[in-house]
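Down below is the structure, laid out as structure tokens.
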Amino acid sequence: MLRRAASGLGATAAAATAGAAAFYAVDPVTASRTAVLWSEIAPVIVAYRIVEKKQAWRKTLTGVADEKADDAEWDELHETHAKPTVECMRRMLGSYVKLGQFLALRPDVVPDAWGCHLRTL
């Protein structure tokens, strides 16, 4: 589920950063909140991208996809990053909490590990 979402996050992050620079220049409070968010979320995005690339590389080398091992790797990643990310969203308040609440209602979009933590918002 998050495999597909993770693949577009890098380009999305770059576009969002470039597009919002002018707005943040006139609103330092929002800029500081966004800086805190990205400082905590960027390592999560990187971790997901690394697992995605590692699995693709492993499949290329072996010629076989080990779905069970891949799923276990994703599950471990979800368990590791869901709680700290949701805690960050909780500290950021506002639209971040609303986004989390919306995602908590979408089990077809987020894995169980994320949904469990998002439901606490």
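Considering only residues that are over 13 Å from the mean Cα position of the chain (by Cα) and surrounded by 14 or more Cβ atoms within 10 Å (Cβ to Cβ), which ones fall in the stretch 91-100?
Met92, Val97, listed by residue number.
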Task: Failed criterion for Gly8 (all others in (1) of a type outside the set (A, V, I, L, M); (2) open to solvent by 40 Å² or more (accessible area, probe 1.4 Å); (3) modelled with pLDDT under 70 hold) - done: (2)
- [ ] Return the pairs, sorted by first residue and then second, in which the second residue is open to solvent by 30 Å² or more (accessible area, probe 1.4 Å), the first residue lies in the stretch 63-83 and is farther than 16 Å from Gly115 by Cβ, the beta carbons are less than 7 Å apart, and the residues are 6+ apart or on different chains.
- [x] Ala65/Lys59
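The values are calculated or read from the model by the stated rules, or taken from the named source; none is laboratory data. Since the structure is predicted, the reported quantities are computational estimates derived from the model, not experimental observations. Neighbour counts are summed over all protein chains in view; Cβ atoms, including those assigned to glycine, are modelled from backbone coordinates with ideal geometry. Please note that ligands, DNA and RNA were not included when accessible areas were found on the heavy atoms of the full protein model with its side chains. Shrake-Rupley method; radii C 1.70, N 1.55, O 1.52, S 1.80 Å.
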